[in-house]
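What follows is a single structure, written as structure tokens, with notes after it.
The values are calculated or read from the model by the stated rules, or taken from the named source; none is laboratory data. Note that the structure is predicted; figures quoted are calculated from it, not measured. A quick note on method: Cβ atoms are made from the backbone with ideal geometry, for glycine too, and the neighbour counts reach across all protein chains shown. Note: accessible area is taken over every heavy atom of the protein model, side chains too, but ligands, DNA and RNA are not part of it. Shrake-Rupley method; radii C 1.70, N 1.55, O 1.52, S 1.80 Å.
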Amino acid sequence: MEYEIRYYSEAVQEAILDLPDTLAARYVVLTRRMVALGPNLGEPHTKAMKNGLFELRLKGAEGIARVFYCTQVGRRIVMLHCFVKKSQRTPARELNMAMSRLKEVKHENP
């Protein structure tokens, strides 16, 4: 049985679709794999963060991007937040945004 990809909001889906070409292509390849095999592809593709938050790690000619996601009961993967990395460390603002959305999603679907 396959997994289902959902998006926190239309804005998150649009941000992902608006990624530079090589990053968007990498997103498509990795999410197809996630649908077939599950949300944990292992490093370097995915990484567990904390409290049920994971990151999808995209690398392409235009740079590096991250898509934060979580899983839900019923084989659902919810994409919470997307950003293009400009530094080595993940900015606290980006992580806080993802954590806030994670809490909201988990609260709606305990």
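Scanning region 85-98 for residues that are surrounded by fewer than 15 Cβ atoms within 10 Å (Cβ to Cβ) and not in a helix (DSSP H, G or I) yields Lys86, Ser87, Gln88, Arg89, Pro91.
When region 9-42 is filtered for residues that are open to solvent by 30 Å² or more (accessible area, probe 1.4 Å), in contact with a strand residue (DSSP E or B) (Cβ under 8 Å, 6 or more places away or on another chain), under 20 Å from Lys85 (Cα atoms) and not in a helix (DSSP H, G or I), only Pro20 remains. Take Lys103 and decide whether it is open to solvent by 20 Å² or more (accessible area, probe 1.4 Å), modelled with pLDDT under 90 and more than 24 Å from Glu2 (Cα to Cα). No; evaluated as a whole, the condition is false for this residue.
Of everything in region 71-88, what is within 19 Å of Arg32 (Cβ to Cβ), in contact with a Gly (Cβ under 9 Å, 6 or more places away or on another chain) and not β-branched (Val, Ile, Thr)? Give them in sequence order. Arg75 - this is the single residue of region 71-88 that is within 19 Å of Arg32 (Cβ to Cβ), in contact with a Gly (Cβ under 9 Å, 6 or more places away or on another chain) and not β-branched (Val, Ile, Thr).
Scanning region 43-53 for residues that are open to solvent by less than 60 Å² (accessible area, probe 1.4 Å) and at positive phi yields one hit, Gly52. Just so you know, in region 54-84 the residues that are basic (Lys, Arg) and at negative phi include one that is most open to solvent (accessible area, probe 1.4 Å), and it is Lys59. If I go through region 43-57 residue by residue, how many of them are at pLDDT below 90 and in contact with a helix residue (DSSP H, G or I) (Cβ under 6 Å, 6 or more places away or on another chain)? Matching residues across region 43-57 total 0.
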